[in-house]
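The values are calculated or read from the model by the stated rules, or taken from the named source; none is laboratory data. The structure displayed is predicted, hence computed values, not measured ones. Every residue, glycine as well, gets a Cβ built from its backbone with ideal geometry; the counts of neighbours run over all protein chains shown. These area figures cover heavy atoms from the full protein model, side chains too; ligands, DNA and RNA do not enter into them. Shrake-Rupley method; radii C 1.70, N 1.55, O 1.52, S 1.80 Å.
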Amino acid sequence: MEVDILEKGAILQRDKETFAVAPHIPGGFMRVADFRKLLDTAEKYNAAALKMTSGQRIAVVGLKEADLDAFWSDVQMDIGYAIGLCVRMVKFCPGTTYCRHGKQDAMGIGMALDKQYHGRPLSAKFKMGVAGCEYACNAPVFKEIGLTGLPEGWKITAGGTCGAKPRMGDLMAENLTDADAMEIVERIFRFFEDGDSPPKVRFGRIIDKMGVDEFKKAVGV
C-alpha cells in the first residue's frame, strides 16, 4: 500500500488520514487554463488548502486516499517528484524571457534540463537550479548542479545542498554556451548516476570525500 501511495505522488499529512500531492509545474510556469483546471479539480475533491512550495510547485493538501486516482485523472498533470531518491526538481527563474536582469535564457535551458532529468531515480535526492543572472534568486549554488547566467555564458557549480548541513557547490566551469553547459551537466550527472555511493549520501559529501580536483578530473572539466 505504501509503495502504491508513493507512486501516486502522495504524502501522508499530519492527521494520518489525508494526503498532499504536488503536480509537476516546470519552473513554476503554467498556462492560465491549466491553473484554472488545477483549482477546479482541487475544489471538486474538497482539498483543504493549496500551498505554494519552495520547489516551484503548488501542493494540493488534504485529499482523501480514495480520491487520489480520480484527482490525477481529472487534473491531467504529471506527478511532481517532491519525495523519493531521484531528481526532485530543476528550479529555474524567468531569465531573459521575462526578467530585466536576465543575462542568459534560464527558462530555455531550465525546461530542457527538466525534460531530461526530472524524476530520474538515483541513490539520493538530487536537485538542480538555473539562474539567469548573478543575482541568483533561486540559489543554484546550493543545488547538486547549479547553473548561473553570466554576461559571457553559463557558470556551473556542483555538490551544493541546503538542509541541516548546508554546502555551497564547487565551481566546475564558466563562460559556457548552452550546448557546452548541457554537456557538462550530463557528465556530472552520469558520474553520480553510475557511481556506487551508499543510499541517501548527498552528492556534495561524495565530492568532499574524493576531493574537488579529483572530481573535476573524473568528469573532465
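Report yes if GLY153 is touching a residue at least 12 places away in the same chain (Cβ under 8 Å) and either within 13 Å of the chain's Cα centre (by Cα) or under 27 Å from LYS209 (Cβ atoms) (or both), otherwise no.
Details: touching a residue at least 12 places away in the same chain (Cβ under 8 Å): yes; either within 13 Å of the chain's Cα centre (by Cα) or under 27 Å from LYS209 (Cβ atoms) (or both): no.
So GLY153 does not fit the description; no.
Residues of the stretch 84-100 that are crowded, with 21+ Cβ neighbours inside 10 Å and either among the aliphatic types (A, V, I, L, M) or in a loop (DSSP other than H, G, I, E, B) (or both): VAL87, MET89, VAL90, CYS93. At least 1 residues being open to solvent by 40 Å² or more (accessible area, probe 1.4 Å) and not aliphatic (A, V, I, L, M) is the threshold, and among the strands (runs of 3 or more DSSP E) wholly inside the stretch 18-76 those reaching it are 49-52, 58-64.
Considering only the stretch 53-65, I want to know if a residue exists there that is over 24 Å from GLY95 (Cβ atoms) and free of Cβ contacts under 8 Å to residues at least 12 places away in the same chain. Give the derivation first.
Going residue by residue through the stretch 53-65, those that are over 24 Å from GLY95 (Cβ atoms) are 59-65.
Remaining after also requiring free of Cβ contacts under 8 Å to residues at least 12 places away in the same chain: none.
Among the residues of the stretch 53-65, not one is over 24 Å from GLY95 (Cβ atoms) and free of Cβ contacts under 8 Å to residues at least 12 places away in the same chain, which makes the answer no.
Taken residue by residue, the stretch 39-58 has no member that is over 16 Å from the mean Cα position of the chain (by Cα), among the aromatic types (Phe, Trp, Tyr) and under 26 Å from TYR117 (Cβ atoms). Taking the stated definitions as given, is PHE92 of a type in the set (Phe, Trp, Tyr), over 12 Å from HIS24 (Cβ atoms) and in contact with a Phe, Trp or Tyr (Cβ under 8 Å, 6 or more places away or on another chain)? Here the answer is no, as PHE92 does not meet what is asked.
Would you point out which residue out of ALA179, ALA164, ALA112 is modelled with pLDDT of 95 or more, closer than 30 Å to ALA10 by Cβ, out of contact with any Pro (no Cβ under 8 Å at 6 or more places or on another chain) and open to solvent by 30 Å² or more (accessible area, probe 1.4 Å)? Steps first, answer last, please.
On the way: ALA179 fails: closer than 30 Å to ALA10 by Cβ; ALA164 fails: modelled with pLDDT of 95 or more.
Checking each option against the conditions leaves just ALA112.
Each residue in the stretch 167-176 was checked for being open to solvent by less than 30 Å² (accessible area, probe 1.4 Å), within 15 Å of GLY149 (Cβ to Cβ) and either free of Cβ contacts under 8 Å to residues at least 40 places away in the same chain or within 19 Å of the chain's Cα centre (by Cα) (or both), and 1 of them qualify.
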